[in-house]
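Some notes on the structure that comes next.
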Amino acid sequence: MAARIGISKTDVIDTAYELLGETQNVQAVTMTAVAARLGIRVQSLYAHVDGAKGLEREIALRSLQKLAQRLSQAAMGVAGIDAVRSVLHAQFDFALTHPAEFSASIYPPGTDAQILEAIEDVNYPMHKILHDAGIDELVIIHWGRLVLSAISGYSALHQNGQLTLPISTKDSMDYIINVLVADMGEKLATSQMISS
């Protein structure tokens, strides 16, 4: 079925993203909700997205692109451990200030070339920093999974109001970043000893 004149794919994704920001819940951004916001029938959305999975993919793609831009900016003008710290701070900040977008960005790519490229763009700033420092690829992958697990878990606890002790959640975030930076600092030192 043809879409209503004046409604574009960009309008659909923009509307879905608005709903994501309002609800902070990926599951709340349904075809029905998007169609209602646009004032069209659900069937009309199929001219722009491949059903609910297609809508989810578009939200993931935009979230990944936004995150990649933030991390690239964070890596500019810094190097070494300072760059690692800067990128980690940007990633944590994105997850805590845009939890639904961060959640949407954790998306299984399969063989989707666009999603794979977007994930690569997200990983590029940190991977480049660590590759340039001589860190082994396997170590980068393991450490990257550690970082993602820490940020994802902390963001979920923060969003769900489960961090209830009378201690600043920002201080705890800084503590986690310090631990991750210290761990990578040890790996950098070991890598430099091996290469020298």
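The values are calculated or read from the model by the stated rules, or taken from the named source; none is laboratory data. As the structure is a computational prediction, the values presented were derived from the model and not from experiment. Positions of Cβ are backbone-derived with ideal geometry, glycine not excepted, and every protein chain shown enters the neighbour counts.
Quick rundown of the values:
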item	result
Check on Ile141, modelled with pLDDT of 90 or more and surrounded by fewer than 17 Cβ atoms within 10 Å (Cβ to Cβ)	yes
Boolean, Leu71 is in a helix (DSSP H, G or I) and in contact with a Pro (Cβ under 7 Å, 6 or more places away or on another chain)	yes
Members of the stretch 72-97 found to be closer than 16 Å to Tyr154 by Cα and over 9 Å from the mean Cα position of the chain (by Cα), listed by number	Leu88, His89, Ala90, Phe92, Asp93, Leu96, Thr97
Residues within the stretch 35-60 that are assigned to a helix (DSSP H, G or I) and over 22 Å from the mean Cα position of the chain (by Cα), tallied	9
Among (1) modelled with pLDDT of 95 or more; (2) over 22 Å from Asn25 (Cα atoms) - the single one Ile115 does not satisfy	(2)
